[in-house]
Amino acid sequence: MTSFKRVGVVGAGQMGRGITEACARAGLQVTLCDVSEDRARAGLAGVADSLLHAEKRGTLTPEERAHALAGISATADLSQLAEADVVVEAATENEQAKTALFRQLDKVVTDPAAVLASNTSSIPIARLAAATGRPQAVVGLHFFNPVPVMPLVEIIPSLHTSKDTELRVRAFAGEVLGKRTIVAQDRAGFVVNSLLIPYLLAAVRMVSSGTATADDIDTGMTAGCAHPMGPLRLADLIGLDTVAAIGEALYEEYREPLYAPPPLLRRMVESGLLGRKSGEGFFSYRAA
Ligand code: NAD
């Protein structure tokens with residue numbers, strides 16, 4: 001159904017690494033791109049580590065790991081994505097930066113039938129599509145963290161996305177990567193974040209108002225509602241900067257106070273307390 005063989009992934013952070021790993025494990029050639037060679041190489045090293053863990057857990061044979069790793073290259077040069085059949089943009093959640101990236105990708109990717117997908121959590125796909133001369137080939141492909149583990153991918157066609165593009169990425173996510181897919185309209189937050197983010201922000205407000213400690217709030221939801229993870233550890237896992245950025249985008253779209261990032265979250269982000277990826281958020285992740 002899909003002829004995608006060469007995948008470009010832009011952004012070698014936690015999501016870009018996960019998407020790279022999932023694609024490489026499915027036997028695809030992946031070029032992972034970030035703003036500097038150092039970041040791109042760090043991304044590749046992160047994927048290599050994760051593949052090694054998968055081998056140690058027995059979910060991957062040594063041959064499969066070697067084959068997946070051999071299919072990945074890392075670069076800071078976006079033009080290396082020229083031959084890609086599909087590009088998944090997973091750069092920092094910033095509309096200006098993503099719009100600029102889509103403008104560049106439109107120039108760089110040579111096949112007019114190639115799909116330009118974004119892993120954005122909240123930015124309308126139509127705005128990214130408008131930066132290109134091929135809005136019919138631009139679509140949202142929203143993975144969940146950690147990508148190799150989480151089964152869901154949201155597919156978000158904009159008003160301009162062609163049915164062919166939508167069906168091809170659906171087959172890519174479903175048949176090639178083995179994910180479950182749902183289709184959501186092009187509204188900030190799509191399905192999952194529209195429901196999840198107000199809940200996470202309510203937990204931050206609870207910490208801020210002193211209703212309970214972060215640990216007790218999380219225990220309330222794990223022990224009381226059988227959630228696998230409490231809201232504050234989940235916010236730390238997502239990244240507090242990403243949670244704040246999604247909240248801002250939802251607030252801009254709907255103007256509902258429940259989406260507005262509370263002051264405590266903003267201060268933590270401004271102070272570099274970003275959760276797991278920085279080692280410190282509502283909880284500490286530094287080795288004792
Ligand atoms: P991250 O901060 O871990 O990584 C972002 C990476 O993008 C960084 O390595 C940065 O250097 C790179 N980058 C920034 N500008 C770039 C550019 N112009 N070209 C190439 N690389 C660039 O962030 P993340 O958590 O991986 O999130 C990435 C995207 O995925 C965001 O749009 C976010 O909303 C979305 N997303 C995140 C989650 C999550 O749980 N963290 C889940 C689903 C979707």
Tabulate in residue order the Karplus-calculated ³J(HN,Hα) for the range 75-85, using 6.51 cos²θ - 1.76 cosθ + 1.60 with θ = phi - 60°, rounded to whole Hz; enter x for Gly and Pro. 7, 9, 9, 4, 5, 5, 8, 3, 8, 5, 8
Can you check what the Kirkwood hydrodynamic radius comes to for the range 133-288, Cα pairs only, in Å to one decimal? 17.0 Å
Computed from the mean reciprocal separation of all distinct C-alpha pairs, what Kirkwood hydrodynamic radius does the range 1-49 have, in Å? 10.7 Å
Helical mean residue ellipticity (222 nm; -39500 (n - 2.57) per DSSP H run of 4+; nearest 500) of the chain: -14000 deg cm²/dmol
Given R₀ = 41 Å, what would the calculated FRET efficiency be for R286 paired with S162, taking r from the Cβ atoms and rounding to 0.05? 0.30
Using the Cα centre of the chain as origin and beta-carbon charges of +1 (Lys, Arg) and -1 (Asp, Glu), tell me which of T75, G27, I123 is placed farthest towards the positive end of the dipole. G27
Using all Cα-Cα distances in the chain, what percent lands in each 5 angstrom bin from 0 up to the longest? 1, 6, 12, 16, 18, 17, 14, 9, 5, 2, 0, 0
Here, the range 197-288 modelled as identical Cα point scatterers in vacuum has Debye log10 I(q)/I(0) at q = 0.21 Å⁻¹ of -1.01
Ranked highest first by the average count of other Cβ atoms within 10 Å around their residues, in what order do 143-154, 62-73 fall? 143-154, 62-73
In the range 6-183, lysine pairs closer than 28 Å at Cα, eight or more apart or cross-chain: 6
A chain fully extended from L195 to M150 at 0.36 nm per residue, minus the present Cα-Cα distance, gains in nm 14.5 nm
Just grab the label-to-label distance for E252 and A82, each label 7 Å out from Cα along the Cβ direction, in nm (one decimal). 3.3 nm
So, with +1 on the Cβ of K and R and -1 on the Cβ of D and E, and no other charges, what is the size of the charge dipole of the range 6-183 about its Cα centre, to the nearest 20 debye? 300 debye
Considering only DSSP beta bridges whose two residues both sit in the range 6-183, what percent are antiparallel, to the nearest 5? 15 percent
Stretched out fully, how many nm does the piece from Q96 to T213 gain, at 0.36 nm a residue minus the Cα gap? 38.5 nm
Can you tell me the FRET efficiency between A226 and E63 if r is taken as the Cβ-Cβ distance and R0 is 41 Å, rounded to the nearest 0.05? 0.60
I want to check the label-to-label distance for R103 and K56. Put each point 7 Å from Cα in the C-beta direction and report it in nm to one decimal. 4.5 nm
Residues meeting the amide H criterion for V115 (H placed from the backbone, H to H distance under 5 Å, 5 or more places apart or on another chain) are V86, V87
Based on Cβ point charges of +1 for Lys and Arg and -1 for Asp and Glu, what charge dipole magnitude is obtained for the range 194-270 about its Cα centre, in debye rounded to the nearest 20? 120 debye
With θ set to phi - 60°, apply the Karplus curve 6.51 cos²θ - 1.76 cosθ + 1.60 along the range 257-269 and write out the HN-Hα couplings as whole Hz, x wherever there is a Gly or Pro. x, 5, 8, 6, x, x, x, 4, 5, 4, 5, 4, 5
Rank by packing, highest mean first: peptides 21-29, 201-209, 248-256, with packing defined as the count of other Cβ atoms within 10 Å averaged across residues. 21-29, 201-209, 248-256
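Bear in mind that the values in this text are calculations on the coordinates, not laboratory data. Everything numeric in this text was worked out from a predicted model, so none of it was measured. Please note: Cβ atoms are built from the backbone with ideal geometry, for glycine as well, and neighbour counts cover all protein chains shown.
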